[in-house]
Ligand SMILES: [Ca+2]
Ligand SMILES: [Ca+2]
Ligand SMILES: [Ca+2]
């Protein structure tokens, strides 16, 4: 005589009973809890992915900005190399003010034993087009009161030419702010993002640039170099 095993379902009547209760489905509550746990786990993974991507973006942007600032500084220094110390136009960029603009003559070599000079060259900070010096980001590029480094060759001559050496120049260099004090202790008061300082026969050039990362974080690159001028 054979006996059929009884089909017994314990617990809630809402459960689905299969093969004598050896396995069963999920209740709605269990399903909801599982989905909530899954959502939390996915949320955690997404947050981790987002923070990692943002951190990588900051590193990449900082690296690119540092490279851009170094290249711009090299171009400025290259223009200054043949400059004559005695050809600097006033005001001379001495501490504690320095200047954000420098006009000078570059040596062309010798003619008949006499040193000859090019028409004046000017390198200067200028606010970016559409930007005002008002503490606001007028041109909407994420940088407040940003400017450009403008090179003017043959300044004041009929063949004068302007070249933008770089943009995204910070209004003030490093941690400097406009308060009549030398906040960063480099000897200059309220020095702008492009500044020149004359010490002896050397010109110290400082350049500060900013950029916005993909995640909306502002990063800065501060660079400086010095160039010994000719007599
Ligand atoms: Ca701006
Ligand atoms: Ca300073
Ligand atoms: Ca200051």
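Bear in mind these aren't lab numbers, they're just calculated from the coordinates by the rules spelled out. Only a predicted model underlies this, so the values are computations on that prediction, with no experimental measurement involved. So basically every Cβ, Gly included, is an ideal-geometry build from the backbone, and we count neighbours across all protein chains shown.
Once you place label points 7 Å from the Cα toward the Cβ at residue 141 and residue 175, how far apart are they in nm?
That separation, rounded to one decimal, is 2.7 nm.
Computed over the Cα atoms of the chain, what is the ratio Rg over Rh, Rh following Kirkwood?
My calculation puts Rg/Rh at 1.47.
Rounded to the nearest 0.05, what FRET efficiency do residue 161 and residue 50 have when you use their Cβ-Cβ distance and R0 = 45 Å?
On the way: r = 46 Å, r/R0 = 1.03.
With a Förster radius of 45 Å, E is 0.45.
Return the FRET efficiency for the residue pair residue 97, residue 59: r is the Cβ-Cβ distance, R0 is 41 Å, and the value is rounded to the nearest 0.05.
E(calc), rounded to 0.05, equals 0.70.
In the range 99-231, if every C-alpha pair distance is counted and binned at 10 Å from zero, what percent goes to each bin?
Histogram of Cα-Cα distances, whole percents per bin: 12, 36, 32, 15, 5, 1, 0.
7 Å from Cα along Cα→Cβ at both residue 75 and residue 224: what's the point-to-point distance in nm?
2.3 nm
Please compute the length gained on full extension between residue 212 and residue 199, using 0.36 nm multiplied by the number of residues separating them and subtracting their Cα-Cα distance. Present the calculation step by step, with values, prior to reporting the outcome.
Working: separation 13, 0.36 × 13 = 4.68 nm, distance 3.41 nm.
Extra length available between residue 212 and residue 199 comes to 1.3 nm.
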